[in-house]
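These notes concern the structure reproduced below.
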Amino acid sequence: MTSKFAVDLPISADQPSLAGPSGTGSGGTRVLGALTLVGIALVAFLAFVATPADSDMGDTVRLIYVHVPIVSVAYLGIVIATIGSIAFLWKRSEWWDLVASSSAEVSAVLMGLTLVVGMIWGKPTWGVYWVWDARLTSTLVLFLLLLGYQAVRRTSVDPWVRGKRSAIVGLLLLPNVLIVNRSVEWWRSLHQEPTLLRLDPTIEGLQLFTLVLAIGVTALMFVWLAVHRFRLAWLQDRVDRRLLVDAIEDRRSEVTV
Amino acid sequence: MFRDAALVAGKDLRIELRSRVAINQVLPLAVLLLVLFAFALDPDTGLLVRATPGLFWIATVLCGLLAVQRAFAVETADGVTDGLRLSALDTGGLFLGKAAAVALQLIVLQALLLAGVVVLYDAAPSGWLMLVVTCGTATAGIAAAGTLFGVLAAGVRVRETLLPLLLLPVLAPVLLAATRAFEAAFEGRSSEGWPWVGLLAAFALVYIVAGLFGFGALLEES
Amino acid sequence: MNEWGYVIAGWAVSAAVLVAYALWIILRGRALSKEVPPEDRRWM
């Protein structure tokens with residue numbers, strides 16, 4: 001997505017500030033981004049053109065190629081955030097804190113999107129925008145948990161305080177996910193509903209391939225987004241730190257004058 | 001650690017007994033909730049009685065939120081948190097003590113709520129063992145999670161809105177499981193409630209462990 | 001709306017959200033980069 005726009009200007013003596021990267025892009029992420037775009041195009045082609053309409057779901061199956069990969073990768077992101085949180089508490093490095101928070105934020109966006117796409121899929125399939133089936137319900141609760149995580153991130157500018165608070169909330173994300181999923185699945189199974197989002201176990205051939213490819217491509221996209229988000233957070237912290245240092249300097253000079 | 005826990009729990013409960021905030025405010029609030037539910041769910045339709053387990057637990061969770069907020073308000077009010085930090089109290093014990101105090105208040109609340117629903121909603125609970133065990137495990141979880149997130153929110157200026165935002169999604173499975181267990185008990189099929197009790201116990205375990213380890217780190221900031 | 005309408009809507013919403021998010025990150029990244037000296041700009 002950036003490859004068309006990012007330009008690294010040549011280093012020259014009278015432009016020292018451009019010696020470093022001019023944004024959050026880098027050689028590696030440009031390659032990743034290009035691969036992701038190609039992958040998306042391929043999945044879109046397969047989803048819309050090459051694969052047939054599903055025998056049960058009709059054409060709405062083409063939304064499953066978005067819905068399932070996005071929620072799967074969001075879960076992956078939560079696992080990364082949990083690992084990052086634990087690592088932060090153990091190693092106390094800013095790097096881990098930002099890994100955790102970037103993953104959590106991208107996952108939050110993906111979770112929210114999952115809900116929206118799920119509702120759009122639901123209307124033609126069930127006739128209603130929402131049902132309290134296990135998967136949608138769990139996703140909603142997890143989305144709210146991730147919003148809580150975001151709120152905690154904003155409570156302090158001190159990186160250590162912020163990191164500790166986020167890490168405690170973050171390391172509990174995975175246990176929360178497991179508990180929520182378990183409880184909601186038991187609950188819905190009591191009512192012996194047909195599992196509404198049952199993926200046809202006989203899904204095979206090109207449909208299966210498309211789905212798996214879509215998951216892979218979404219994972220690439222997640223990495224791209226998370227790396228950029230990490231770098232953005234890194235820059236934000238640097239800027240905040242300078243502002244703080246400047247403010248303290250101003251204060252000091254006031255006093256000495 | 002347990003001695004420190006008893007010390008802290010005793011202190012919190014004594015503060016409570018003297019100030020009577022929970023008795024004067026939280027308990028009436030619980031009764032008020034029961035009344036409001038009755039207005040919302042028209043007793044004549046039989047909906048109220050069928051919804052009793054769920055309403056009981058909603059009331060418990062909401063009042064639990066208040067109890068936790070109160071537990072930390074007493075600390076931050078006079079800058080007591082510095083005192084707590086500087087004292088030689090073991091932070092694990094501190095956590096257990098505060099959580100125990102909250103749990104005890106919740107148990108009293110639940111007893112009142114049970115009496116309330118029997119009287120006001122004409123509910124006829126059965127399966128008392130299941131009810132008691134459910135209350136015990138659910139309360140342990142609510143108190144542990146509440147205390148952990150409570151100390152996190154205590155250090156923050158927007159604590160009144162942050163705590164519910166953090167705690168309510170976390171407690172959603174507790175609400176779910178406890179309600180199902182209560183339903184099983186009320187409808188005379190208590191044995192079906194045990195898996196839910198298992199879930200409640202697992203939840204409580206996770207949050208007690210998390211609290212023992214995390215409470216100290218979070219206390220430094222409040 | 002027939003089924004295709006929903007399919008298009010779903011894909012469109014997804015694309016819009018993800019592109020918007022990506023753009024926000026990139027543009028914010030560039031803006032902040034200018035305020036930080038080159039050697040500080042990136043960990044990796």
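Tell me whether chain C comes out rounded, prolate or oblate; compute the Cα gyration tensor, take square roots of the eigenvalues as a ≥ b ≥ c, and use a/c under 1.5 as the rounded threshold.
Prolate, because a/c is 1.5 or more and a/b exceeds b/c.
Enter the mean number of other protein chain beta carbons within 10 Å of the beta carbon of each residue in A:113-124, as an integer.
That works out to 4 on average.
Can you sort A:Tyr149, C:Tyr6 by how many other beta carbons sit within 10 Å, fewest first?
C:Tyr6, A:Tyr149
For peptide C:12-21, how many partner chain Cβ atoms fall within 10 Å of a residue's Cβ, on average?
5
Check the straight Cα-Cα distances from B:Lys11 and name the lysines below 17 Å, setting aside those fewer than 8 residues away within the same chain.
Here the lysines satisfying the reach criterion relative to B:Lys11 are B:Lys98.
GNM on chain A, C-alpha springs below 10 Å: top fluctuator among A:Val61, A:Val223, A:Val157?
A:Val157
Show me the trypsin sites (Lys or Arg not before Pro) within the range B:152-204 that DSSP assigns to loop and that have at most 15 other Cβ atoms within 10 Å of their Cβ.
Filter output for the range B:152-204: B:Arg157, B:Arg189.
Sorting check: for A:136-142, B:204-210, B:114-120, which peptide has the highest mean count of neighbouring beta carbons within 10 Å, and how do the rest follow?
The densest-packed peptide leads the list: A:136-142, B:204-210, B:114-120.
For chain A, just say rounded, prolate or oblate: build the C-alpha gyration tensor, square-root its eigenvalues into a ≥ b ≥ c, call rounded for a/c under 1.5, and beyond that prolate if a/b exceeds b/c, oblate if not.
oblate
How do A:Phe143, A:Phe48 rank when sorted from fewest to most other Cβ atoms within 10 Å of their own Cβ?
Going from sparsest to densest Cβ surroundings: A:Phe48, A:Phe143.
Can you tell me how the range B:130-206 classifies by the Cα gyration tensor, rounded, prolate or oblate, using a/c under 1.5 as the rounded cut?
Verdict is prolate for the range B:130-206.
Partner chain Cβ atoms within 10 Å, averaged over the residues of A:226-239 - can you pull that number for me?
The mean count of partner-chain Cβ atoms within 10 Å per residue comes to 6.
Find the Rg to Rh ratio for the protein assembly as shown, where Rh is the Kirkwood radius over alpha-carbon pairs and Rg uses the same atoms.
The Rg/Rh ratio comes out at 1.02.
For the range B:40-186, what is the largest minus smallest coordinate of the Cα atoms on each principal axis, given in angstrom and ordered from greatest to least?
Result for the range B:40-186: principal-axis Cα extents of 55, 30, 24 Å.
Please order A:Met221, A:Met119 by the number of other Cβ within 10 Å, starting at the fewest.
Fewest-to-most ranking of A:Met221, A:Met119: A:Met119, A:Met221.
From the helices alone, meaning DSSP H stretches of at least four residues, give me the mean residue ellipticity at 222 nm for chain B, per-run term -39500 (n - 2.57), in deg cm²/dmol to the nearest 500.
Calculated at 222 nm, the ellipticity per residue is -28500 deg cm²/dmol.
Peptides C:16-28, B:51-63: what's the order by average Cβ count within 10 Å, highest mean first?
So the order, starting with the most tightly packed, is B:51-63, C:16-28.
What percentage of all Cα-Cα pairs in the range B:1-51 are separated by more than 14 Å?
Of the Cα pairs, 67 percent sit more than 14 Å apart.
As a test of the formula, what do you get for chain A when each DSSP H run with n ≥ 4 contributes -39,500 (n - 2.57) and the sum is divided by the residue count, at 222 nm and rounded to the nearest 500 deg cm²/dmol?
-26000 deg cm²/dmol
Most mobile of B:Asp122, B:Asp44, B:Asp90 per a Gaussian network model of chain B (Cα springs, under 10 Å)?
For chain B, modelled as a Gaussian network with Cα springs under 10 Å, the answer is B:Asp44.
No value in this document is a laboratory result; all are computed from the given coordinates. The structure presented is a predicted model; accordingly, all values stated were derived computationally and were not measured. Counting neighbours? That spans all protein chains shown, and the Cβs are built from the backbone with ideal geometry, glycine included.
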